[in-house]
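*Asks:* Can you keep this structure in mind? I'll have questions shortly.
The values are calculated or read from the model by the stated rules, or taken from the named source; none is laboratory data. If you're wondering where the values come from, they're calculated on a predicted model, not measured in any experiment. Cβ sites come from the backbone with ideal geometry, for glycine too, and all protein chains shown count toward neighbours.
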Amino acid sequence: MTVEFKDLTLREGSQVPGLEITDDVGERVLDEVARMGVDRVEVSFPRAAPREELYRHADSLGLQTAALARAVPADVDAALDVDPDEIEVIVNSSDVQLEHALGKSREESLRLLRENVERAVDGGVAAGATLMDAIRADNDHLRDGARVVRDAGGRHVTLADTTGAGDPDAVRETVAAVVDEVGDDLAVTIHPHDDMGVATANAIAGVDAGADSIDATVGGVGERAGNAPLEEVAVLAGERGDDVALDLPELVPACRAVLDALGVDYEGKPVLGREGYRHESGLHTAAMLREPSTYEPFDPGKYGAERELLFGRGTGRGGVRALLEAAGLEATDERVAAGREALRNAAERRGEPLDREEAGRVVADAVGS
């Protein structure tokens with residue numbers, strides 16, 4: 001199975017309160033997105049923010065660009081003006097949003113969807129559509145929407161969990177219903193939000209149910225609790241053996257660079273945060289010196305990250321013994337005790353633990369090698 005992505009970091013990031021993305025920052029984000037091997041990006045909602053410079057920069061990087069438009073003629077025209085490769089027409093699909101956000105019936109929403117997908121296609125641009133709040137919508141209405149998109153000349157339909165209300169079972173059911181309807185006639189994309197903390201799992205569930213691609217953002221950047229974090233989905237898919245359509249050794253460095261450019265902290269995040277690769281517990285480090293996978297869910301080097309084994313006050317006899325053995329030294333009880341004391345003293349003098357290389361030197365010096 002191949003897992004493909006469309007990156008929405010710029011467009012979704014623009015909806016985060018207080019997050020200002022200048023053209024310079026946007027270009028840096030696009031540079032890093034291209035670096036990690038993403039080939040499609042949703043740049044902006046042109047009716048509100050044309051960002052034409054960013055579309056042209058993305059073009060120069062060989063990225064396929066998408067512009068967002070509501071199912072409104074003026075939105076589609078504004079999107080056509082920035083000359084994207086694709087226009088994503090969005091329309092509400094759940095009954096609660098149709099009534100309170102759009103103020104239209106199901107039938108009226110499908111008419112707007114058809115007319116505006118056709119308008120984009122007639123403008124000479126590839127088009128697709130996002131059915132908003134799809135996980136809370138009626139599956140028959142979603143099937144109707146997918147058929148409308150197909151018949152209007154659209155190339156894909158995106159099922160958005162706009163409120164993050166879905167769980168993997170609900171996502172699988174929704175995606176499967178639409179995939180079964182359109183078959184090979186229309187590509188299907190899953191667009192998860194993370195309000196319930198399961199966007200990564202929902203993205204994978206969507207793929208398992210037949211979705212062709214995933215909408216995601218670096219670090220999960222997006223309104224409210226954010227979107228599916230691209231890096232988490234990529235690692236989860238990669239670790240279960242899927243073919244991930246990214247340059248995986250560039251994943252962590254590029255994603256960190258994106259968030260650095262945006263000024264978004266990532267140290268507490270899975271995959272990207274450095275603390276996720278730091279080990280100081282005596283039990284952990286002793287075992288990991290022999291076999292790193294003992295306490296790691298994946299090899300960080302596969303994704304461009306680096307593990308850190310730390311030694312100091314918490315290092316036990318097992319850790320020192322493993323350091324001695326790694327240096328080719330006999331791990332007698334006396335040597336282990338001397339090495340452990342030396343590590344503690346060195347860490348106290350420095351005020352922080354030592355890395356593996358430093359710890360090895362300290363222990364070797366302590367036993368007189």
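*Asks:* Just need a number here: residues in the stretch 344-361 that are part of a helix (DSSP H, G or I) and closer than 16 Å to Leu289 by Cα.
*Replies:* Final tally of qualifying residues: 6.
*Asks:* Okay, next question. Check Leu98, Leu30, Leu112, Leu80 and return the single one that is outside any strand (DSSP E or B), within 20 Å of the chain's Cα centre (by Cα) and assigned by TED's automatic domain parsing to the domain that holds Ser213.
*Replies:* Leu30
*Asks:* Are any of the residues in the stretch 125-147 without any contact (Cβ under 8 Å) to a residue 24 or more places away in the chain and either assigned by TED's automatic domain parsing to the domain that holds Ala225 or in a helix (DSSP H, G or I) (or both)?
*Replies:* yes
*Asks:* Return the residues of the stretch 150-169 that are among the hydrophobic types (A, V, I, L, M, F, W, C) and over 26 Å from Gln15 (Cα atoms); say none if nothing qualifies.
*Replies:* Once the filter is applied, which keeps residues that are among the hydrophobic types (A, V, I, L, M, F, W, C) and over 26 Å from Gln15 (Cα atoms), the stretch 150-169 yields only Ala152.
*Asks:* Of these, Asp194, Asp122, Asp161, Asp185, which one is in contact (Cβ under 8 Å) with a residue 12 or more places away in the chain, of a type outside the set (Phe, Trp, Tyr), under 20 Å from Ala71 (Cα atoms) and assigned by TED's automatic domain parsing to the domain that holds Gln64?
*Replies:* Of the residues listed, the single one that is in contact (Cβ under 8 Å) with a residue 12 or more places away in the chain, of a type outside the set (Phe, Trp, Tyr), under 20 Å from Ala71 (Cα atoms) and assigned by TED's automatic domain parsing to the domain that holds Gln64 is Asp161.
*Asks:* Which is buried (at least 19 other Cβ atoms within 10 Å of the Cβ) and in contact with a Phe, Trp or Tyr (Cβ under 9 Å, 6 or more places away or on another chain), of Ile204, Ile214?
*Replies:* Result of the check over Ile204, Ile214: Ile214.
*Asks:* List the pairs whose first member sits in the stretch 276-303 and is within 25 Å of Val233 (Cα to Cα), whose second member is assigned to a strand (DSSP E or B), and whose Cβ atoms are under 8 Å apart, counting only residues at least 6 apart or on separate chains?
*Replies:* Tyr277/Glu308; Arg278/Glu308; His279/Glu308; His279/Leu309; Tyr295/His279
*Asks:* Within the stretch 1-18, count every residue that is over 18 Å from the mean Cα position of the chain (by Cα) and closer than 18 Å to Arg256 by Cα.
*Replies:* The qualifying residues number 0.
*Asks:* So which of Arg321, Arg307 is within 24 Å of the chain's Cα centre (by Cα) and modelled with pLDDT of 85 or more?
*Replies:* None of the others qualify; the one that does is Arg307.
*Asks:* Could I ask something else about it? Return the residues of the stretch 1-27 that are small (Gly, Ala, Ser) and either surrounded by fewer than 17 Cβ atoms within 10 Å (Cβ to Cβ) or not in a loop (DSSP other than H, G, I, E, B) (or both); say none if nothing qualifies.
*Replies:* Gly13, Gly18, Gly26
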